[in-house]
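Chemist: Below is one structure. I have some questions about it.
The values are calculated or read from the model by the stated rules, or taken from the named source; none is laboratory data. Every value quoted in this text rests on a predicted model; they were computed, and no experiment measured them. Every residue, glycine as well, gets a Cβ built from its backbone with ideal geometry; the counts of neighbours run over all protein chains shown. Ligands, DNA and RNA are excluded from the accessible area calculation, which covers all protein heavy atoms including side chains. Shrake-Rupley method; radii C 1.70, N 1.55, O 1.52, S 1.80 Å.
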Amino acid sequence: QVQLVESGGGLVQAGGSLRLSCAASGRTFSINAMGWYRQAPGKRRELVGTITSGGTTNYADSVKGRFTISRDTAKNTVYLQMNSLKPEDTAVYYCNVNLKRLWYEGYFDYWGQGTQVTVSS
């Protein structure tokens, strides 16, 4: 079994900051990339950013310069630091982890339960 537990969402005013965390536990033999996605009401889920096992990051244009992804390999945790938040950042944020549970399995994507981020104007 694999569990992804997210935390850190909430309500913040425009211009404020929030930090999301996502910890992977259970059968996590090897973790590849980790990342964050978001889904606003009535819209499709979209990529926010990713970080590889080597620490290379990739961001959506809409969050570049405002959001930062990092990971703690020892804790199997990925973070999303969100600064200068805008009302259009309001969405449910999901973490995504690409991992293999056991040495003989392949890599598969796993998703967190989602955490609500609401930015008021």
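Chemist: Can you give me the % of accessible surface on the chain that is carbon or sulfur? Probe 1.4 Å, all protein chains present, nothing else counted.
Modeler: Carbon and sulfur atoms account for 48 percent of the accessible area of the chain.
Chemist: Cross-link partners among aspartates and glutamates for Lys75, C-alpha distance below 20 Å, same-chain residues fewer than 8 apart left out?
Modeler: The qualifying aspartates and glutamates are Glu6, Asp109.
Chemist: Just the number, please: Stokes-Einstein D of the range 1-104 in µm²/s, Kirkwood Rh from C-alpha pairs, 10 °C, 1.306 mPa s.
Modeler: 112
Chemist: Work through the residues other than Ser30 whose Cβ is under 11 Å from its Cβ and net out their charges, Lys, Arg +1 and Asp, Glu -1.
Modeler: Once positives and negatives cancel, what remains is +2.
Chemist: Over the range 42-121, give the accessible area per residue in Å² for a 1.4 Å probe, as an integer.
Modeler: 56
Chemist: So, one more: Charges only on Cβ, +1 for Lys and Arg, -1 for Asp and Glu: so what's the dipole of the range 42-94 about the Cα centre, in debye to the nearest 20?
Modeler: 80
Chemist: I would also like to ask the following. Sort 18-30, 55-67 by the packing proxy (mean of other Cβ within 10 Å over each peptide's residues), most packed first.
Modeler: 18-30, 55-67
Chemist: Could you calculate the contour length gain from Gln81 to Tyr104, that is, 0.36 nm times the residue separation minus the distance between their Cα atoms, to one decimal place in nm?
Modeler: Fully extending the segment from Gln81 to Tyr104 adds 4.9 nm.
Chemist: Assuming R0 = 25 Å, what is the FRET efficiency of Thr68 and Lys43, from their Cβ-Cβ distance, to the nearest 0.05?
Modeler: Calculated value: 0.60.
Chemist: Under unit Cβ charges (Lys, Arg +1; Asp, Glu -1), what dipole magnitude, rounded to 20 debye, does the range 1-92 have relative to its Cα centre?
Modeler: Taking the Cα centre of the range 1-92 as origin, the dipole is about 80 debye.
Chemist: Under a straight-distance cross-link criterion of Cα-Cα below 28 Å, which lysines are reachable from Lys43, leaving out those fewer than 8 residues away in the same chain?
Modeler: Of all the lysines, those that pass the test against Lys43 - Cα under 28 Å, at least 8 places apart if same chain - are Lys64, Lys86.
Chemist: Taking the Cα centre as origin and putting +1 on Lys and Arg beta-carbons and -1 on Asp and Glu beta-carbons, what dipole magnitude results for the range 64-104, to the nearest 20 debye?
Modeler: With only Lys, Arg, Asp and Glu charged at Cβ, the dipole is about 180 debye.
Chemist: Figure the gain on full extension for Thr118 and Asn32 (residue separation times 0.36 nm, minus the Cα-Cα span) and round it to one decimal in nm.
Modeler: Going from the current span to full extension adds 28.0 nm.
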